[in-house]
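What follows is a set of notes on a single structure, which appears directly below.
The values are calculated or read from the model by the stated rules, or taken from the named source; none is laboratory data. As the structure is a computational prediction, the values presented were derived from the model and not from experiment. Glycine gets a Cβ as well: all are built from the backbone with ideal geometry, and neighbour counts include every protein chain shown. Please note that ligands, DNA and RNA were not included when accessible areas were found on the heavy atoms of the full protein model with its side chains. Shrake-Rupley method; radii C 1.70, N 1.55, O 1.52, S 1.80 Å.
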Amino acid sequence: MNVLFMGPPGSGKGTQSKLLRDRFDMEHLSTGDILREAIAQKTEVGMRAKGYMDKGEYVPDAVVIDLIRARLSSLAGKGFILDGFPRTVPQAQALDQVLSELNLQLNGVFFFDVKKDVLVNRLSSRRTCRNCNRIVSADMVSNGKLEDCTVTSKPCNFYQRNDDLPEVITKRIQVYQEQTTPVIDYYKSNPNFLTVDAAMPADQVFQIIIGKLK
Ligand code: AMP
């Protein structure tokens, strides 16, 4: 089973990806996570991407297309979830090309629809674990009682991403509207396309996704 999650920053793609990955043992391919890992490891790709990411701009298409091509080529039959890719029409066209080369198809294409004010609230209170990339709200961190990190088995090491700071959030939403809205149109004719009201609680969104995939 191969799935694509599309939607603005803060619409819950990462949260739903982790739920789906854990339920069906799929590969979670988040270009944002891959790029942040590259930055943490100070690789050439990471150093190139950082400037764009800190400003809330998109990393050049060629960089993310190469990353995704390499990951998809090494899956050896495991189902995958694409989270945050494609974000531009050239990326969507490149994905079609790679999928056809690898003889793979998308069984579900979900567009997470959420209004801008909800996104701004979610993103500004979002905290991310440096190790397992778990996403929670700042309230949940201060209330404690969260499960341990799935990577370290110790309490998660939460931080606020540079691009979740208020001045960058507005820019990210603007870039999304300009460059990613056309990608939604690109996929609308796909028979497996579904728009999900992603302002709902995460468990309800997950049930809708599972229902469609069944
Ligand atoms: P995300 O974690 O998906 O919100 O992505 C964080 C940042 O990584 C984005 O704001 C972009 O700077 C960069 N990024 C992630 N995925 C892509 C992509 N498909 N195309 C271009 N830039 C991306």
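Are any of the residues in the range 139-148 within 20 Å of Ser30 (Cα to Cα) and of a type outside the set (S, T, N, Q)?
Checked the range 139-148: no residue is within 20 Å of Ser30 (Cα to Cα) and of a type outside the set (S, T, N, Q).
Among the residues that make up the range 99-116, is at least one of them open to solvent by 50 Å² or more (accessible area, probe 1.4 Å) and either touching a Lys or Arg at 6+ places or on another chain (Cβ under 6 Å) or within 16 Å of the ligand (Cβ to nearest atom) (or both)?
yes
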The range 105-130 residues that are under 23 Å from Pro86 (Cβ atoms) and in contact (Cβ under 8 Å) with a residue 60 or more places away in the chain, paired with ones that are assigned to a loop (DSSP other than H, G, I, E, B) and open to solvent by 60 Å² or more (accessible area, probe 1.4 Å) (beta carbon under 6 Å, 6 or more apart): Asn107/Met1
Restricting to the range 49-74, give me the number of residues that are open to solvent by 60 Å² or more (accessible area, probe 1.4 Å), within 7 Å of the ligand (Cβ to nearest atom) and modelled with pLDDT under 95. 0
Given the criterion charged (D, E, K, R) and within 23 Å of Ala40 (Cβ to Cβ), identify the matching residue among Asp203, Asp148. Asp148
Give me a count of the residues in the range 1-29 that are closer than 23 Å to Asp185 by Cβ, touching a strand residue (DSSP E or B) at 6+ places or on another chain (Cβ under 9 Å) and within 16 Å of the ligand (Cβ to nearest atom). 13
Identify the residue in the range 125-159 that is open to solvent by less than 80 Å² (accessible area, probe 1.4 Å) and on the phi > 0 side of the Ramachandran plot and, among all such residues, is modelled with the lowest pLDDT. Gly144
Say we look at the range 195-214 and pick out the residues that are open to solvent by 50 Å² or more (accessible area, probe 1.4 Å) and touching a residue at least 60 places away in the same chain (Cβ under 8 Å); which of these is farthest from Val118 (Cα to Cα)? Lys212
Where the second residue is more than 10 Å from the ligand (Cβ to nearest atom) and the first is open to solvent by 80 Å² or more (accessible area, probe 1.4 Å) and lies in the range 160-188, which pairs have Cβ atoms under 7 Å and are six or more apart or on separate chains? Pro166/Ser124
